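Asker: Pasting a structure below so you can have a look.
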Amino acid sequence: MNYLLKKIKLSAAVLLAASLLGANTLQAQGSDDNTILGAGSTFVYPLFSKLFSVYNQKTGLQVNYQSIGSGGGILQLTNKTVDFGDSDAPLTDDQASKMGAPALHIPMCAGAVVITYNLPGITANLNFTPAVLANIFLGTVKMWNDPSIVALNKGISIPAFPIIIAHRTDGSGTTNIFTHYLSAVSPAWASKVGSGGAVNWPAGLGGKGSEGVAGLVKQTPGTIGYVELAYAMQNKMTQAKIQNTKGQFVAPSVASTIAASNITLPADSKIFIVNSAAANAYPIAGFTWALIYKEQNYSGRSAVRAQKLLQLLWWNIHEGQQYCEPLTYAPLSPAATKTAEAILKSATYNGKAILK
């Protein structure tokens, strides 16, 4: 018994020491100029994982990115606990004011928000119109064999199965893109729910992050949800075709996302691209942005740290773009790259441009 108690006490001491070491490691990372800290979008996480791994191999710079949702990334940047946040929606006026200083939006790529479902016996890519999709997420279409769904999918025997909705519970840029789309195509959605990173969902189950929603859909028969295309592809999930403004039922893909994102960006790059007028565009698409403070000399940050951050983001929008398509993201167009360059070059340290 005494031996057992000693063993338990020793194990507790080891665990305490390990937790303290972990805390000290995180503190050290925050002050180590060879480790850049980022947090935010789960939408872009598959791409960032690849980019930061390759960049580490090339330069030795460590990038510790937390996939916690756009809202979490914005909060951490506001609290100045990370070097950059990432969001799939531009900052709102309220979010920007809470920053306390001007923040820059640097576009990284564009991606598609996929409508995915788990319907027993159905592997086909079902068609949805904007109105039917909105009615499903409003909770007014409750069964998979509803006449409005069956009429769009002739030749497919859709079972009489209850529809279960899966949605995000965290502050989410993916949710922002999707709810902006629903608000654009459905007056009922716009008036009853609206758009934003977090909304009061009329129905459904909640999951944290794209990973959480993907898990709910995969594990729960009858479920429909929304995730970034990369998650749907990696998890071999069924993807719906959505009717666009030209009446075409378009599947999410790199090509259809490029069609939606191949536009002239405003100088600050802040724009929503849902419900594109382009003929071959997938209608539920959006950019994702790395967010940084325009003035990089804050909270005791060194000029070296600021330089390394800017060099990382510059690499992302240039050499890093080659990794977008293999991971099902749309790379920046030449025009969008020019806009991103100009924004990065406006970042300063002590009022002087960091990049020349």
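Read the figures in this text as sums done on the coordinates, not as results from a lab. Small disclaimer: the values here were computed from a predicted structure and weren't measured. We place every Cβ from the backbone using ideal geometry, glycine too, and count neighbours over all the protein chains shown.
Asker: Report, in whole Å, the centroid distance computed from the Cα atoms of the range 298-356 and the range 118-189.
Answerer: For the range 298-356 versus the range 118-189, the Cα centre distance is 37 Å.
Asker: Starting from 0 in steps of 5 Å, tell me what percent of the Cα-Cα pairs of the range 275-356 lands in each bin.
Answerer: 3, 12, 22, 20, 15, 12, 8, 5, 3, 1
Asker: Now a separate question. Label points 7 Å out from Cα along the Cβ direction at Ile271 and Ser97: separation in nm?
Answerer: 2.7 nm
Asker: Gain in length, Glu319 to Asn297, computed as 0.36 nm per residue apart minus the alpha-carbon separation, to one decimal in nm?
Answerer: Between Glu319 and Asn297, full extension yields an extra 5.2 nm.
Asker: Length gain on complete extension for the stretch Lys338 to Ser53, per 0.36 nm per residue less the alpha carbon to alpha carbon distance?
Answerer: Additional length available on full extension: 100.1 nm.
Asker: Further, regarding this structure: For Ala198, which sequence-distant residues (separation of 5 or more, or a different chain) have an amide H within less than 5 Å of its own amide H, given hydrogens modelled in the peptide plane?
Answerer: HN-HN under 5 Å from Ala198: Ser172.
Asker: Next question, about the same structure. So which trypsin sites (Lys or Arg not before Pro) in the range 249-344 pass both tests, a DSSP loop state and at most 13 other Cβ atoms within 10 Å of the Cβ?
Answerer: When the trypsin sites (Lys or Arg not before Pro) of the range 249-344 are filtered for loop state and at most 13 Cβ neighbours within 10 Å, Lys294 remain.
Asker: So which residue, out of Ala190, Ala290, Ala160, gets the largest mean-square fluctuation from a GNM of the chain using Cα contacts under 10 Å as springs?
Answerer: Comparing Ala190, Ala290, Ala160 in a Gaussian network model of the chain, the most mobile one is Ala160.
Asker: Using R₀ = 25 Å, calculate the FRET efficiency as 1/(1 + (r/R₀)^6) where r is the Cβ-Cβ separation of Ala251 and Ser148; round to 0.05.
Answerer: 0.80
Asker: Please identify every one of the trypsin sites (Lys or Arg not before Pro) in the range 88-158 that sits in a loop by DSSP and has no more than 16 other beta carbons within 10 Å of its own beta carbon.
Answerer: For trypsin sites (Lys or Arg not before Pro) across the range 88-158 that sit outside H, G, I, E and B with at most 16 neighbouring Cβ atoms in 10 Å, the list reads Lys142, Lys154.
Asker: May I ask for the angle, rounded to the nearest 10°, between helix 209-219 and the longest principal axis of the chain, with both axes built from Cα atoms and the value confined to 0 to 90°?
Answerer: For 209-219 against the chain, the angle is about 40 degrees.
Asker: Kindly express, to the nearest 10 degrees and within the range 0 to 90, the angle between helix 2-31's C-alpha long axis and the longest C-alpha principal axis of the chain.
Answerer: 90 degrees
Asker: Here's a follow-up. Lys and Arg at +1, Asp and Glu at -1: add these up for the other residues within a Cβ distance under 12 Å of Cys109 and post the number.
Answerer: -3
Asker: Would you grab the residues whose amide H sits under 5 Å from the one on Gly207? Only those 5+ places off in sequence or on another chain, please, with H modelled 1.01 Å from N.
Answerer: Under 5 Å from the amide H of Gly207: His167, Arg168, Thr169.
Asker: Provide the FRET efficiency to the nearest 0.05 for the Asn125-Asn350 pair, computing r from the beta carbons and using R0 = 45 Å.
Answerer: My answer for the efficiency is 0.25.
Asker: Give me D for the chain in µm² s⁻¹, whole number, from Stokes-Einstein with Rh from the Kirkwood sum over alpha-carbon pairs, 25 °C and 0.890 mPa s.
Answerer: 114 µm²/s
Asker: Let me ask something else. Let me confirm the definition first: pairs of Lys residues in the range 112-285, 8 or more apart or on different chains, C-alpha distance under 30 Å. How many are there?
Answerer: The result is 25.
Asker: Calculate the FRET efficiency for Asn280 and Thr220 from the Cβ-Cβ distance with a Förster distance of 51 Å, rounded to the nearest 0.05.
Answerer: That gives a FRET efficiency of 0.95.
Asker: If each residue of separation counts as 0.36 nm, what is the full-extension length gain between Ser157 and Ser191 once their alpha-carbon separation is subtracted?
Answerer: Between Ser157 and Ser191, full extension yields an extra 8.8 nm.
Asker: Okay, next question. If I fit a long axis through the Cα atoms of helix 173-185 and take the longest principal axis of the Cα atoms of the chain, what angle between them do I get, 0 to 90°, rounded to 10?
Answerer: So the inclination is approximately 30 degrees.
Asker: Lys and Arg at +1, Asp and Glu at -1: add these up for the other residues within a Cβ distance under 14 Å of Gly69 and post the number.
Answerer: Net charge in that neighbourhood comes out at -3.
Asker: All other residues with a Cβ under 11 Å from the Cβ of Pro90 taken together, and with Lys, Arg as +1 and Asp, Glu as -1, what is their net charge?
Answerer: -2
Asker: Now, a different point. Provide Rg over Rh for the range 112-285; use the alpha carbon set for both Rg and the Kirkwood Rh (inverse mean inverse pair distance).
Answerer: Ratio of gyration radius to Kirkwood radius: 0.94.
Asker: Could you work out the per residue convex hull volume over the alpha carbons of the range 68-158, in cubic angstrom?
Answerer: 151 Å³
Asker: Show that you can apply the helix-only estimate: for the chain, add -39,500 (n - 2.57) for every DSSP H stretch of four or more residues, divide by all residues, and state [θ] at 222 nm to the nearest 500.
Answerer: -12500 deg cm²/dmol
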